[in-house]
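J.: First the structure, then my questions, so here it is.
The values are calculated or read from the model by the stated rules, or taken from the named source; none is laboratory data. This one's a predicted model, so the numbers in the text were calculated from it and none came from an experiment. All Cβ positions, glycine included, derive from the backbone under ideal geometry; neighbour counts span all protein chains shown. For the accessible areas, the whole protein counts, side chains as well, though only heavy atoms, and no ligand, DNA or RNA atoms are used. Shrake-Rupley method; radii C 1.70, N 1.55, O 1.52, S 1.80 Å.
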Amino acid sequence: MPVEIFKEKYTGKVQEVVLGATKEEGGTRAYTVKLGGSSALPFLQFEGESARPVIAMEVWDIKPNWHECFEPYIGDVWEDPVAWAQKLEQEYGAEVIYLTLKGADPERENPKSADDCAKLVKKILENTKAPLMVEGCGNYEKDNEVLQAVAEAAAGENIALGMAEKDNYRSIAAACMMGKHCIIARSPVDINIMKQLNIMILDMGVPADKIINDPLASGLGYGIEYSYSIMERARYGALVGDKMMAFPIVCLAGQEAWRAKEAVAPDDAGPGWGDQKTRGIMWEAMTAAALIQGGADIVLLRHPEAAKLIKEHIEDLMVPNTY
Amino acid sequence: MGLTGLQIFKLLPKTNCKECGFPTCLAFAMSLASGKANLSQCPYVSDEAKQALEEATAPPMRLIKIGAGEKVLEIGDEQVLFRHDKTFYHPTGIFIEVSDNLSEDELKAKVDEINELVFERVGERYEVDGVAIKNDSGNADTFKKAVETVAGKTDKVLILLTEDPAVMEAAASVVADRKPLLYAATGDNYEQMVEVAKKFQAPLAVRGKNLSDLADLVEKIVGLGYRELVLDSGERQTSKVLADLTQIRRQAIKKRFRPFGYPTITFTTEEDPMKEALQAQVYVSKYGSIVVMKNTSKPALLTLFTWRRNVYTDPQKPIAVQPGIYAIGDVTPDSPVYITTNFSLTFYTVQTEIEATRIPSYLIAFDTDGLSVLTAWAGGKFIGEEIGPWLKESEINQKVNHRKIIIPGGVAAIKGKLEELSGWEVIVGPREASGITAFAKMRLGA
Ligand code: B12
Ligand code: SF4
């Protein structure tokens with residue numbers, strides 16, 4: 001008795017967003033990446049297309065306060081964001097560079113100016129090939145200035161700019177439109193806020209193929225199940241035709257994972273916890289893998305070993321499984 | 001599909017005798033269809049009708065129990081495809097495989113290692129569910145001996161892996177009272193395997209060559225009168241297993257396709273422990289009822305167990321601790337007082353950190369209906385207006401002779417209102433619980 005394969009008939013799909021621009025497209029990137037476009041649940045290729053999740057890796061504009069187990073990997077470059085970005089794409093397989101402009105935070109000593117930030121972005125673009133995403137320092141006032149300067153400096157490169165939230169999206173949306181960039185819209189693990197924010201950003205005039213959603217995913221063991229379920233709902237919503245749930249999703253897996261005590265506590269800290277290095281890398285990789293199962297289109301990773309694991313894991317999941 | 005009221009009605013005696021407690025057979029049929037009545041309420045249904053009805057009103061996926069006594073693993077009986085629709089009930093059983101090619105000493109050492117895979121985090125304990133013993137030797141006596149050795153060293157649930165019915169029977173006979181899972185019945189051996197399973201009343205895994213073959217095999221086995229089954233489509237490649245598991249679950253739940261109405265078993269293939277844990281994660285996320293693994297790496301398994309815990313929490317109820325005042329260590333009237341919420345994740349994270357300061361302290365688990373600090377604050381449950389009046393009246397006033405309370409840094413904004421309404425002095429602690437040790441050193445002289 002041949003089993004009849006059960007395929008859902010979806011009417012919608014995840015919006016496709018292209019990041020980066022090559023020479024022909026008015027930029028200088030060596031390649032572009034496609035986010036989204038899926039017409040099936042994650043990795044269920046038997047009923048439609050499932051886009052391959054993309055790996056982005058994190059660079060800070062200041063020396064990061066990360067766990068010492070990062071030292072052997074990026075200790076030589078973490079005070080030089082340009083060299084750091086280069087290392088990520090050349091040695092660690094980053095498909096997208098994700099720059100966070102922590103140094104612009106006015107609460108810091110000697111905060112970087114918007115101009116400093118724009119210059120750094122330009123320099124990174126000159127010295128790397130990968131598409132770029134840029135996140136501000138999180139201070140709304142300052143980010144208005146910083147992200148506008150960055151958008152100008154990167155005109156034509158089709159970078160992504162964030163974080164646009166309910167209370168500050170206008171200025172960021174305007175900067176994105178001016179430089180023809182993508183916008184990262186963040187909602188706090190809340191599907192209704194996600195939809196509202198998308199509507200408001202579209203209303204501003206940002207094209208649908210320029211919007212990426214950050215659902216503020218939590219890390220493993222610290223609320224990740226809420227994120228997972230919200231992402232599953234959003235993906236399902238997209239497939240059944242709700243366009244406001246259909247934007248590609250970015251998950252900042254690395255930073256959430258490394259906040260967990262389990263990732264950083266010393267060797268054999270807890271009963272049965274094992275060595276810190278493997279545990280930290282696994283905490284990050286497991287966070288990312290779970291979010292990818294939930295429907296992440298791009299994951300932001302921190303540790304090169306975690307990125308490597310996830311890259312291989314994605315390959316395994318992309319093996320065709322049509323019947 | 002379940003039967004409609006009308007379809008059920010056709011199978012009833014149609015005498016309207018009312019003994020079921022309903023005015024008519026039709027009324028009874030309608031209630032049965034919506035799950036509000038039980039077939040046993042009608043004394044007059046024929047045996048054929050009973051069988052047809054039981055079949056149709058049975059849950060979409062059968063509950064299977066492996067093991068006996070204290071250690072029983074329940075799998076299956078899931079009702080949804082997505083946890084946001086309801087919840088997942090029976091967490092994936094995690095097993096470690098051992099080979100009967102190991103010497104007795106090696107085997108004992110390995111089982112000791114598995115027994116010691118116990119993890120504790122946020123007030124919970126995770127451990128491996130069981131051991132799968134594989135007949136790599138091909139020899140019946142060796143296998144039987146290995147099973148005996150393992151059974152003698154652990155009370156965990158057992159899976160016996162051999163496709164030779166005679167070998168299975170010999171090995172199962174020594175652990176019959178443990179109700180191990182017998183793996184596996186295949187197209188070649190199923191008649192004898194079913195005999196063995198029936199003899200020991202043990203659950204039986206069925207492995208097909210693909211989904212269609214699996215469905216055929218299950219029908220044949222059910223035809224032999226055995227239903228304590230666990231399914232394996234035979235696929236081992238991660239994305240294909242994901243597809244098969246999804247098909248099995250969907251067909252069981254949405255189409256009520258009976259041959260797939262059983263829990264499933266999966267096997268990892270990755271050698272590297274980290275990759276293996278990620279592969280197992282896919283099966284934990286998407287419908288695997290059992291995953292059999294080979295590695296025993298603690299950090300890799302800790303993350304996998306944590307993920308399993310996360311996926312299988314009930315989305316409607318956060319896990320909460322009893323609200324109240326908790327003493328950590330040998331408290332005195334001078335002990336510092338901390339406050340947090342009664343969301344268990346938050347509470348245990350904070351409790352562990354306070355313990356690490358080695359200063360005996362009070363920790364208040366404030367009733368926030370199990371919400372985290374920021375969520376409760378945003379939801380108006382962890383604010384000065386709520387905590388203040390409670391604190392003013394609280395028993396903690398009798399327990400300590402000072403009036404200083406340490407609050408999470410994330411809600412520094414509640415300080416003013418809380419001080420005003422409670423009469424206590426509020427000390428704003430660090431944002432993250434991991435900062436408590438340093439904070440205690442500086443502020444409390446730990
Ligand atoms: C999961 C989650 C939910 C779940 C709730 C689960 C639960 N049981 O709490 C749900 C989906 C229900 C939810 C709902 C809401 N949420 Co919510 N949620 C989260 C999320 C993703 C994780 C929360 C969590 O579990 N954290 C882990 C625990 C351990 O953290 P914690 O309790 O804060 O404890 C830490 C520290 O505070 C500290 N600490 C704790 N106690 C103490 C005590 C002392 C003395 C000290 C020193 C330190 C300390 O140590 C802990 C570990 O470091 C966060 C975002 C995020 N990633 O943090 C948003 C977040 C908390 N939610 C938010 C909001 C706004 C809401 C809603 C109002 C609306 C919405 N967006 O859905 C509702 C309100 C619910 C209600 N009706 O009351 C906001 C709060 C923003 C703000 N600062 O105002 C957040 C921060 C997201 C955001 N950035 O916007 N949420
Ligand atoms: S007891 Fe059975 S026969 Fe009698 S009314 Fe109820 S359903 Fe009909």
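J.: Return yes or no: is residue B:74 more than 14 Å from every other protein chain (Cβ to nearest Cβ), over 19 Å from residue B:227 (Cβ atoms), open to solvent by 30 Å² or more (accessible area, probe 1.4 Å) and away from ligand 1 (no atom under 16 Å from the Cβ)?
T.: no
J.: A follow-up question, please. From B:219, B:271, which residue is open to solvent by 10 Å² or more (accessible area, probe 1.4 Å), modelled with pLDDT of 95 or more and within 10 Å of chain A (Cβ to nearest Cβ)?
T.: B:219
J.: With B:340, B:303, B:349 as the choices, which residue is touching a residue at least 60 places away in the same chain (Cβ under 8 Å), crowded, with 21+ Cβ neighbours inside 10 Å and part of a helix (DSSP H, G or I)?
T.: Testing whether each residue is touching a residue at least 60 places away in the same chain (Cβ under 8 Å), crowded, with 21+ Cβ neighbours inside 10 Å and part of a helix (DSSP H, G or I) leaves just B:349.
J.: Here is a further query. Can you name the residue in region B:311-336 that is at pLDDT below 95 and facing chain A (nearest Cβ under 8 Å) and is also farthest from residue A:290 (Cα to Cα) among such residues?
T.: The extreme case among them is B:315.
J.: Which of the residues belonging to region B:87-118 are within 11 Å of chain A (Cβ to nearest Cβ) and either closer than 17 Å to residue B:154 by Cβ or free of Cβ contacts under 8 Å to residues at least 12 places away in the same chain (or both)?
T.: B:116, B:117, B:118
J.: Suppose we filter region B:157-192 for residues that are surrounded by fewer than 22 Cβ atoms within 10 Å (Cβ to Cβ) and part of a loop (DSSP other than H, G, I, E, B); how many remain?
T.: So the count comes out to 7.
J.: While we're on this one: Mind listing whichever residues of region B:14-29 are open to solvent by 80 Å² or more (accessible area, probe 1.4 Å) and closer than 16 Å to residue B:50 by Cα?
T.: B:14
J.: Being open to solvent by less than 40 Å² (accessible area, probe 1.4 Å) and either within 15 Å of residue A:222 (Cα to Cα) or within 11 Å of chain A (Cβ to nearest Cβ) (or both) is the requirement here; does residue B:357 meet it?
T.: It is false that residue B:357 is open to solvent by less than 40 Å² (accessible area, probe 1.4 Å) and either within 15 Å of residue A:222 (Cα to Cα) or within 11 Å of chain A (Cβ to nearest Cβ) (or both).
J.: Next question, about the same structure. How many residues does region B:84-101 hold that are surrounded by fewer than 20 Cβ atoms within 10 Å (Cβ to Cβ), more than 19 Å from residue B:265 (Cα to Cα) and modelled with pLDDT of 95 or more?
T.: Summing the residues that are surrounded by fewer than 20 Cβ atoms within 10 Å (Cβ to Cβ), more than 19 Å from residue B:265 (Cα to Cα) and modelled with pLDDT of 95 or more in region B:84-101 gives 1.
J.: So which residues in region A:89-106 are buried (at least 24 other Cβ atoms within 10 Å of the Cβ) and part of a helix (DSSP H, G or I), if there are any at all?
T.: Of everything in region A:89-106, just one residue is buried (at least 24 other Cβ atoms within 10 Å of the Cβ) and part of a helix (DSSP H, G or I), namely A:104.
J.: Within region B:85-105, identify whether any single residue is touching a Pro at 6+ places or on another chain (Cβ under 8 Å) and not assigned by TED's automatic domain parsing to the domain that holds residue B:153, and answer yes or no.
T.: Looking for residues that are touching a Pro at 6+ places or on another chain (Cβ under 8 Å) and not assigned by TED's automatic domain parsing to the domain that holds residue B:153, one finds none in region B:85-105, hence no.
J.: I need the full set of residues from region A:205-216 which are within 20 Å of residue A:254 (Cβ to Cβ) and either part of a helix (DSSP H, G or I) or modelled with pLDDT of 95 or more (or both), in order please.
T.: Result: A:212, A:213, A:214, A:215.
J.: Oh, and also: Of the residues in region A:282-294, how many are free of Cβ contacts under 8 Å to residues at least 40 places away in the same chain and facing another protein chain (nearest Cβ under 7 Å)?
T.: 3
J.: Under 9 Å between Cβ atoms, at least 6 apart or on separate chains: pull out the pairs that start in region B:31-49 with a residue that is within 10 Å of ligand 2 (Cβ to nearest atom) and modelled with pLDDT of 85 or more and end on any residue that is open to solvent by 70 Å² or more (accessible area, probe 1.4 Å) and assigned to a loop (DSSP other than H, G, I, E, B).
T.: Listed pairs, sorted by first residue: B:41/B:19; B:42/B:19; B:43/B:19; B:44/B:15; B:44/B:19.
J.: I would also like to ask the following. Quick check on my filter: what residues within region B:254-266 are open to solvent by 10 Å² or more (accessible area, probe 1.4 Å) and touching a Phe, Trp or Tyr at 6+ places or on another chain (Cβ under 9 Å)?
T.: B:254, B:255, B:257 - these are the residues of region B:254-266 that are open to solvent by 10 Å² or more (accessible area, probe 1.4 Å) and touching a Phe, Trp or Tyr at 6+ places or on another chain (Cβ under 9 Å).
J.: Could you check, for region A:220-242, whether at least one of its residues is modelled with pLDDT under 95, within 13 Å of chain B (Cβ to nearest Cβ) and more than 21 Å from residue B:287 (Cα to Cα)?
T.: yes
J.: Specify the residue that is farthest from the other protein chains (Cβ to nearest Cβ); the eligible residues are those in region B:274-297 that are open to solvent by 10 Å² or more (accessible area, probe 1.4 Å) and within 23 Å of residue A:294 (Cβ to Cβ).
T.: Step by step, filter region B:274-297, then rank; the result is B:289.
J.: A follow-up question, please. Quick check on residue A:217: is it more than 8 Å from every other protein chain (Cβ to nearest Cβ), buried (at least 24 other Cβ atoms within 10 Å of the Cβ), within 30 Å of residue B:127 (Cα to Cα) and in contact with a Cys (Cβ under 6 Å, 6 or more places away or on another chain)?
T.: Considered against the rule, which asks whether it is more than 8 Å from every other protein chain (Cβ to nearest Cβ), buried (at least 24 other Cβ atoms within 10 Å of the Cβ), within 30 Å of residue B:127 (Cα to Cα) and in contact with a Cys (Cβ under 6 Å, 6 or more places away or on another chain), residue A:217 comes out as yes.
J.: With the condition kept exactly as written, say whether any residue in region A:63-72 is open to solvent by 40 Å² or more (accessible area, probe 1.4 Å) and touching a Pro at 6+ places or on another chain (Cβ under 8 Å).
T.: Within region A:63-72, none of the residues are open to solvent by 40 Å² or more (accessible area, probe 1.4 Å) and touching a Pro at 6+ places or on another chain (Cβ under 8 Å).
J.: Look through B:19, B:106 and report the one residue that is part of a helix (DSSP H, G or I) and among the acidic types (Asp, Glu).
T.: After ruling out the rest, the residue left standing is B:106.
J.: So which residues in region A:182-204 are outside any helix (DSSP H, G or I) and touching a helix residue (DSSP H, G or I) at 6+ places or on another chain (Cβ under 6 Å)?
T.: Matches in region A:182-204: A:182, A:183, A:185, A:187, A:189.
J.: Does residue B:226 meet the test of being part of a helix (DSSP H, G or I), more than 7 Å from every other protein chain (Cβ to nearest Cβ), of a type in the set (Ser, Thr, Tyr) and open to solvent by less than 30 Å² (accessible area, probe 1.4 Å)?
T.: Criteria not met by residue B:226.
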